[in-house]
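Q: I have a structure I would like to understand better, so I am pasting it below and will then ask my questions one at a time.
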Amino acid sequence: MANSNRPNADISHVYRGTFIHSTQQTALQILEDTLLGVDTDGKIAFIEKGAELNQLSQIFGFNPSEVTQLAQHELFMPGLVDTHIHAPQYCYAGTALDMPLLQWLNTYTFPVESRFKDLEFAHRVYTQVVQRTLRNGTTTACYFATIHTDASLLLGQIANDFGQRALVGKVCMDRNNSVKHYKETNQESQEETCRYYLMVQKNTKTPVVTPRFAPSCTGALLGQLGAIAKNNNLHIQSHISENVEEVKLVKELFPESESYTDVYHKYNLLTDKTVMAHGCYLTDAELALFRETGASLSHCPNSNISLCSGMLDVRNVLKHKVKLGLGTDVAGGYSASMLDAVRRALDTSKVLTIQDPEYETLTFEEVFRLATLGGSHALSLDDQTGNFEVGKDFDALRVNVAAAGGPIDMIQFSDSEAQFQLTKDLRQDETGLNRPVSARLKPADDVAATQLVEFSEAGFRLHLHCYVLG
């Protein structure tokens, strides 16, 4: 039993059925009639063939009669990982997509984000976005907040209370000529960033150094943020090469730099714990620098199309062996669903194939990996989540593709892979989005809890199993 290397673990739950996940070697691996054990810390203790039930029960000391058996059309998949989402922008998601990026920021985004100094307003919006993303199957999210430290801390607390693994960044920007009241001084940004990460780390959470993007920051601030991240080994997130106008502006603001990527690299903001959103116009030389530094990209196809920003050549990114995940980029992206990000990534790849018939279109299996293991890798969390490897947190979605009242009619497809692909493509019955949601926290022991959420983001029923260490 090569996958069973935690024999001393106390078992809390055992599940039997079909498990679908990705590995570094295989984009989509289907494990049928499989047993997976979860220990009292919420970690995967073993994953083995169903035929090993009796032997496993003796080794790990659980009762075979208490194993949870999945139904015929049920399966487990890893929780989805959103590598780029703006939590405050959720309050206007689905609107205000009538302008290109820079005008959009000045007209809609900055005025809305300035309201988050009001903690009551922030609490209402942040509660909604965390609940919605969880209902949509996002168990891990990398959030941009706003420049307001206390509201940013609040977002992290709300995500933690609901059981979502969240990396939250207090936005830093000391340059904003269009909405002058929504910016910080250089000193304020530096001091508040330090206060923020100290408060977050005090509560054993993961802070993210977050320069909004190069056009909103002076070189002095970028340098200070790079030093803070380097001295404290912190995660970093920002934006890069999203649209043509933005790239030109960066050249004007930082004429001494060779490229947009070089700006961040110069200020120590390109590390193996960095994730940059978009990257539509990165050159091969810039991608090589990403690979060299270990920095990651977040592909946000809905936003890229909705704001007419561009299209990322994912195949070229993968060819350069750059770490890559998917992001919803709410509210440039109008959907807070990672399943939508999967669909849009495939659509973008197909558009590139229409433009160039020689282009190698992405497969569903490849994009599924980007939405799960790829995202955890991009966020440097692949030792904790992303697939069903022993020792990782049990972070999973229980999917029923034949749920009563759902939009999927099971007619002729019976194999697991065909059923699984239906979860992405058959979503036309949008009434499923409005069905009631039930959620509760159920303690597993003193240091772990499991959150069970039943929801229907894509018109099929999912049960979310997310173990959160206390």
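Q: Which of the listed residues, F110, G94, A51, is farthest toward the dipole's positive end in segment 1-144, when Lys, Arg count +1 and Asp, Glu count -1 at the beta-carbon?
A: So the residue furthest toward the plus end is F110.
Q: Students often check this: by mean Cβ neighbours within 10 Å, which of 173-180, 128-135 ranks highest, and how do the rest follow?
A: Going from most to least packed, we get 128-135, 173-180.
Q: Still on this model: Shape of segment 81-133 from its Cα gyration tensor (a ≥ b ≥ c, root eigenvalues): rounded if a/c is under 1.5, otherwise prolate when a/b > b/c, or oblate?
A: The shape class here is oblate.
Q: I'd like to compare 331-339, 349-357: which one has the highest average count of other Cβ atoms within 10 Å, and what's the full order after that?
A: Highest-to-lowest ranking by the protection proxy: 331-339, 349-357.
Q: Arranged from highest to lowest average of other beta-carbon atoms within 10 Å per residue, in what order do the peptides 146-154, 118-126, 60-68, 274-282 appear?
A: So the order, starting with the most tightly packed, is 274-282, 146-154, 118-126, 60-68.
Q: OK, next. Of all the C-alpha pairs in the chain, what % are more than 45 Å from each other?
A: 10
Q: Moving on. Going by the alpha-carbon gyration tensor, a ≥ b ≥ c the square roots of its eigenvalues, is segment 265-404 rounded (a/c under 1.5) or, if a/c is not under 1.5, prolate (a/b greater than b/c) versus oblate?
A: Cα axes put segment 265-404 in the oblate bin.
Q: OK, next. Before rounding to the nearest 500, sum -39500 (n - 2.57) across all DSSP H runs of length at least 4 in the chain and divide by the residue total; then give [θ] at 222 nm in deg cm²/dmol.
A: Mean residue ellipticity, 222 nm, calculated: -9500 deg cm²/dmol.
Q: Counting only DSSP beta bridges with both residues in the chain, what percent are antiparallel, rounded to the nearest 5?
A: Around 55 percent of the beta bridges assigned by DSSP in the chain are antiparallel ones.
Q: Still on this model: I need the shape label for segment 1-92. Rule: rounded when a/c is under 1.5, else prolate if a/b > b/c, else oblate, with a, b, c from the alpha carbon gyration tensor.
A: Prolate.
Q: Let me ask another. How big is the convex hull of the Cα atoms of segment 121-191, per residue, in Å³?
A: It is 94 Å³ per residue.
Q: Moving on. Distance in nm between label sites at Q55 and E358, each 7 Å beyond Cα in the beta-carbon direction?
A: Distance between label points: 5.2 nm.
Q: If a helix is a whole DSSP H run, which ones in the chain reach 18 Å or further along their own axis (Cα) and hold a mean Kyte-Doolittle hydropathy of at least 1.6?
A: Both cut-offs are met by no helix.
Q: Pairs of alpha-carbon atoms within less than 8 angstrom and 6+ residues apart define the contacts here; what relative contact order does the chain have, in percent?
A: 18
Q: Something else about it: In the structure shown, do any of K321/K350; K117/K273; K170/K205; K266/K323; K266/K350 have a Cα-Cα gap over 25 Å, and if so which?
A: Cα-Cα > 25 Å for K117/K273; K266/K350; rest within.
Q: Compute, for E256, the solvent-accessible surface of its heavy atoms (probe 1.4 Å) with the complete set of protein chains present, and express it in square angstrom to the nearest 10.
A: About 100 Å², ignoring ligands and nucleic acids.
Q: Please give the FRET efficiency for L253 paired with L119, using the beta carbon to beta carbon distance and R0 = 41 Å, rounded to the nearest 0.05.
A: After rounding to 0.05, the efficiency reads 0.80.
The values are calculated or read from the model by the stated rules, or taken from the named source; none is laboratory data. What you see is a predicted model; the values in this text were computed from it and never measured. All Cβ positions, even for glycine, are placed from backbone atoms using ideal geometry, and neighbour counts span all protein chains on display. Ligands, DNA and RNA are excluded from the accessible area calculation, which covers all protein heavy atoms including side chains. Shrake-Rupley method; radii C 1.70, N 1.55, O 1.52, S 1.80 Å.
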